[in-house]
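Where a number appears in this text, it was derived from the coordinates with a stated rule and is not lab data. This structure is a prediction, so every number in the text was calculated from the model and none was measured. Cβ placement follows ideal geometry from the backbone for every residue including glycine, while neighbour counts extend to all protein chains displayed.
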Amino acid sequence: MINVLMVCLGNICRSPLAEGILKSKVNIDQFFIDSAGTGSWHIGELPDIRSIQVAKKNNINITNQRCRQFLVEDFDEFDLIFVMDNSNYKTVISLARNDSDKRKVNLILNQIYPGDNLDVPDPYYDENRGFDRVFEMLNNACDRIAETI
Ligand code: 4NP
């Protein structure tokens with residue numbers, strides 16, 4: 001079993017999509033995939049309706065997901081922690097207890113643009129088009145993750 005955690009700020013826009021997309025590409029008997037936010041504003045809520053809609057348009061259902069906050073204990077449970085942007089990276093790294101924790105954390109777009117440290121832009125204040133672009137970026141990154149792990 002490989003445990004993969006997707007992390008963004010709110011856990012309502014980007015990381016729920018990343019979770020749903022990766023689940024759609026792997027054998028879920030071999031993977032445990034979850035998502036979390038560094039922030040606490042939306043705990044217990046459904047994903048943003050715009051993420052639900054862009055996922056649905058691509059035949060992925062993310063309405064079973066509920067927002068939760070990233071916990072230090074997630075370093076124990078997860079093998080790989082993919083963060084959506086550099087701000088999430090800083091927050092998660094600041095919570096790491098040791099080098100082993102830190103080595104689990106990667107920017108998700110470094111899967112397709114190694115070393116470029118690019119952000120998946122936060123679409124929260126965007127129009128719907130921002131969600132289509134985020135979906136495409138995460139779809140490409142998750143293709144690579146599914147191929148390589
Ligand atoms: P996410 O987007 O990090 O992709 O889930 C956000 C959602 C909500 C907020 C910020 C980012 N917020 O400030 O409430």
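What the table below lists for this structure:
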item: Exposure proxy ranking, count of Cβ atoms within 10 Å, fewest first, for THR63, THR38; result: THR63, THR38
item: Loop-located GluC sites (Glu not before Pro) in region 26-132 whose Cβ has at most 15 other Cβ within 10 Å (DSSP); result: GLU45, GLU73, GLU127
item: Charge context of PHE32, other residues only, Cβ under 15 angstrom, K/R +1, D/E -1; result: -4
item: The chain, relative contact order in percent, only Cα pairs under 8 angstrom and at least six apart counted; result: 28
item: Normalised alpha carbon radius of gyration of the chain [divisor 2.2 N^0.38 Å]; result: 0.94
item: Least to most buried among TYR124, TYR113 (fewest other Cβ within 10 Å first); result: TYR113, TYR124
